[in-house]
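Student: Below you'll find the structure I mean.
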Amino acid sequence: MVFKQTLICIVGPLWYATLQDYDECRHVATVKSRFQFFSQKYDVEFHNGQQDLVMKGNWGAYDFSIQRGNSTVGHVSKKFFTCADNYGLEVQPGEDVVVMMACVAIIDRCCHDSE
């Protein structure tokens, strides 16, 4: 999968990104940030009928829960005191690991790209 993104600055950085699978020539999902004062929040809207995800992060954008409806299906945490950006990812059984890894890449790009 490949990410295409557009940075839109209205009041703070608001993000819009697309998830595309170029091997199968299909648009997989659209990711949009929501304005939040003390946290990070992203909506992942799928184009294949799959139920959408919401990624909710803390104020420092170091811990994110990934939710589908009312259920937490994944958890992402950025590791401290490392030479490179390292993330931990926990995925519930039955979830698409590739999509969850794509969520981690989006979090890294949107929240920690300037570090």
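Student: Report the trypsin sites (Lys or Arg not before Pro) located in segment 31-91 that are in a DSSP loop and have at most 12 other Cβ atoms inside 10 Å of their Cβ, or state none.
Tutor: Passing sites in segment 31-91 are LYS79.
Student: What length, rounded to one decimal in nm, is gained on full extension from LYS56 through to HIS75, with 0.36 nm per residue of separation minus their alpha-carbon distance?
Tutor: Additional length available on full extension: 5.9 nm.
Student: How about segment 24-64: which chymotrypsin sites (Phe, Trp or Tyr not before Pro) there are in a DSSP loop, with at most 14 other Cβ atoms within 10 Å of their Cβ?
Tutor: Sparse-neighbourhood loop chymotrypsin sites (Phe, Trp or Tyr not before Pro): PHE35, PHE37, PHE38, TRP59.
Student: Under a crude label model (7 Å from the Cα following the beta-carbon direction), how far is ALA105 from PHE46 in nanometres?
Tutor: 1.8 nm
Throughout, read-outs are computed from the coordinates displayed, never taken from laboratory work. Predicted model, so just to flag it, every value in this text is computed and none were measured. Virtual Cβ from ideal backbone geometry, glycine too; neighbours counted across all protein chains shown.
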